[in-house]
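The structure under discussion appears below in the form of structure tokens.
The values are calculated or read from the model by the stated rules, or taken from the named source; none is laboratory data. Not measured: the values here are computed from a predicted model. Glycine gets a Cβ as well: all are built from the backbone with ideal geometry, and neighbour counts include every protein chain shown.
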Amino acid sequence: MARVLALDYGHKRTGIAITDELQLIASGLTTISTKDIFTFLKQYLNEERVELFVIGKPKQMNNTDSESEALIKPFIKTLENVFPEIPIVRVDERFTSKIAFQTLIDSGLKKNKRQNKALVDEVSATLILQSYLSSKLNKK
């Protein structure tokens, strides 16, 4: 079985999470500069089999798209062109950054480490991926 890769796409940084080969466990992989995302993905996909991209869909409280969705749509178009064989699923990412930050607090990380936005982005990507895995499990 191939892995599922999740992206918490941002203007400056993109958090990345990945499943195990059985697609049971979501784990943070890394956070990279968004300008380097395609270089990273091409290299990663040369080494690992990925069958699906999961990308966060930022929503407002009234269920409309947030402003950052305008940045994500062109990214997705390029992703579809570069990796046409890998489907894309969108997952509501409301509150993932807040939950990620709270998770870091609850895990006992010191304040200076919690302020590392790259770590928050990686945890957010993991939460997005876990949300996808949970919804897939609930459909069975």
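Considering the conditions (1) at pLDDT 70 or above; (2) assigned to a helix (DSSP H, G or I), ALA100 is excluded by exactly one of them, (1). Filtering the range 23-60 to residues that are of a type in the set (A, V, I, L, M, F, W, C) and in a strand (DSSP E or B) leaves ALA26, LEU29, ILE32, VAL50, LEU52, PHE53, VAL54, ILE55. The set of residues in the range 54-70 that are acidic (Asp, Glu) and either modelled with pLDDT of 75 or more or closer than 21 Å to ILE18 by Cβ (or both) contains only GLU69.
Is it the case, given these coordinates, that VAL123 is outside any helix (DSSP H, G or I), modelled with pLDDT of 70 or more and either among the hydrophobic types (A, V, I, L, M, F, W, C) or surrounded by 15 or more Cβ atoms within 10 Å (Cβ to Cβ) (or both)? Judged against the criteria, VAL123 is not a match. Name the residue that is farthest from the chain's Cα centre (by Cα), counting only residues in the range 21-53 that are of a type in the set (D, E, K, R) and modelled with pLDDT of 95 or more. Filtering the range 21-53 for residues that are of a type in the set (D, E, K, R) and modelled with pLDDT of 95 or more, the one farthest from the chain's Cα centre (by Cα) comes out as GLU47. The condition (being more than 14 Å from ALA125 (Cα to Cα), out of contact with any Lys or Arg (no Cβ under 9 Å at 6 or more places or on another chain) and modelled with pLDDT of 95 or more) is satisfied by just one residue among LYS110, LYS77, LYS73: LYS77. The residue that is nearest to LEU129 (Cα to Cα), among those in the range 1-46 that are surrounded by 13 or more Cβ atoms within 10 Å (Cβ to Cβ) and of a type in the set (Lys, Arg), is ARG3.
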